1. For a quick check: with amide H placed at 1.01 Å from N, whose amide H comes under 5 Å from Asp38's, ignoring anything fewer than 5 positions away on the same chain?
2. From the helices alone, meaning DSSP H stretches of at least four residues, give me the mean residue ellipticity at 222 nm for the chain, per-run term -39500 (n - 2.57), in deg cm²/dmol to the nearest 500.
3. Rounded to the nearest 0.05, what FRET efficiency is calculated for Thr366 and Ala287 with R0 set to 41 Å and r the Cβ-Cβ distance?
4. Mean Kyte-Doolittle of at least -0.5 and a Cα length of 15 Å or more along the axis: which whole DSSP H helices of the chain meet both?
5. How big is the Cα convex hull of the chain in projection, averaged over all directions, in nm²?
6. Please report, in whole Å³, the volume per residue of the convex hull around the C-alpha atoms of the stretch 272-406.
7. Using each residue's phi in the stretch 123-137, evaluate 6.51 cos²θ - 1.76 cosθ + 1.60 at θ = phi - 60° and report the 3J(HN,Hα) Karplus result to the nearest Hz, with x for Gly and Pro.
8. Suppose R0 equals 45 Å; then what is the FRET efficiency for Arg122 and Leu177 from their Cβ-Cβ distance, rounded to the nearest 0.05?
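Nothing in this text is a laboratory measurement; each read-out follows from the coordinates by a stated rule. Computed from a predicted model, the values in this text were never measured in an experiment. Cβ coordinates were reconstructed from backbone atoms using ideal geometry, including for glycine residues, and neighbour counts include every protein chain displayed.
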Amino acid sequence: MTTAAVAVTGIGLITPAGIGAARNWRRLLTARPTAATDPELAGLRVDIACRVPDFDPERLLDPKLVWRLDRSVQFALIAAHEAVADAGLAAEQPDPTRTAVVMGTGFGGISSLQAQHARLLRSAPARVSPLTVPMSLSNMAAGCLAIEFGTQGPNLSVSTACAAGATAIGVARDLLLCGRADVALAGGTEACVTPLIVAGFAKMGALSSRTGDPAGASRPFDRFRDGFVIGEGAGVLVLETQAHARARGAHIRALISGYGASADAHHPTAPHPDGTGLEHALRAALADAGLADRDITYTNTHGTSTRLNDTVEATTLVRVLGSQATITSTKGVTGHLLGAAGAVEAAYTVLSVQHHTIPPTANLTTQDPAIHADVVTSPRPGRIRAAVSNSMGFGGQNAVLAFTAA
């Protein structure tokens, strides 16, 4: 086993699949989609989304705190509290100066910014909230986690579009390995299901137009896919050096053994048609982990349900991992969580490794004949020695995390 591995000791999730890691895992295994018509998108050409169910921030957070935080930061705090409790850190309180926070996001506090802009247009500058700027800044998830948990180590925010959550986890791992910290809270958060953002994605042609069948709209790798369904949520992992985790007797869910990142240097929104950037990141992650292609049991793909992404990604995986490449996409259930997607899907990959089960890909009824990988469509039990999680983002961002069993 590579000495570059770090331990995953805690998971926190709040997604359209549920609040809490256990609920998320159960929903994934049923392959039940979460997409539905969204009243807040009424009147738009695309009016479907994947929302966090039964979300009441005042029940989950200090009510005196809620009104000062953008929805994306609320998500991050809720996920982080679960992760910290899961890791058993709430009572142990590690050295705050040796505890890092790294969070990723695509849009930051965009919903708060839009709300205040609307107030400005309706009323006057005097009606704009004095909290407009802090609620809108993209670094506030990381900053508020540090305030909440008293962490005083490196505190970073990354923005690599839809790869942001995975990039944050990779950066946090690097901080631990280079000795900057012993513990890290790392993940991603996003809350941008707003008319402006949805209208923008729809105008690009990125969203599914299957508005008459929301549950069937997100269908990764399916021959009849036509775009993604936007979602929201957050995922946070507690990472520790193996020495720190073992010294305190922590339960290690899995190991992050490798990380690779790259840029396509090709197009602002489209992946490289040959998948060269993703291939570079994937091969880098495998080399970092000391793994061969035959060691990978399965890949949790970016799998957006868009025509180009799914074909490029699957073709690249077959080229690198061989015809036996076994893949799945959880976006058929959750939709696309944008800046949070990589972190949430990294958490799902950890759960898969821990439970030795590959979750299914929802809504795959007719596999695209151009996709030659083994796409899993029902829960598949079996020992998972190693797995990878891919993330790709606008701007040509690629991030790949390799996980191995503890």
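1. Ile48, Ala49
2. That calculation yields -10500 deg cm²/dmol at 222 nm.
3. Details: r = 36 Å, r/R0 = 0.88.
That gives a FRET efficiency of 0.70.
4. Numbers: long enough: 71-87 (24 Å, 0.66); 110-122 (18 Å, -0.10); 164-177 (20 Å, 1.27); 276-289 (20 Å, 0.33); 307-321 (21 Å, 0.28); 341-355 (21 Å, 0.68).
TM-like helix candidates: 71-87, 110-122, 164-177, 276-289, 307-321, 341-355.
5. 18.2
6. Output value, Cα hull per residue: 97 Å³.
7. 10, 7, x, 5, 8, 6, 5, x, 8, 3, 5, x, 6, 9, 5
8. The computed FRET efficiency comes out at 0.35.
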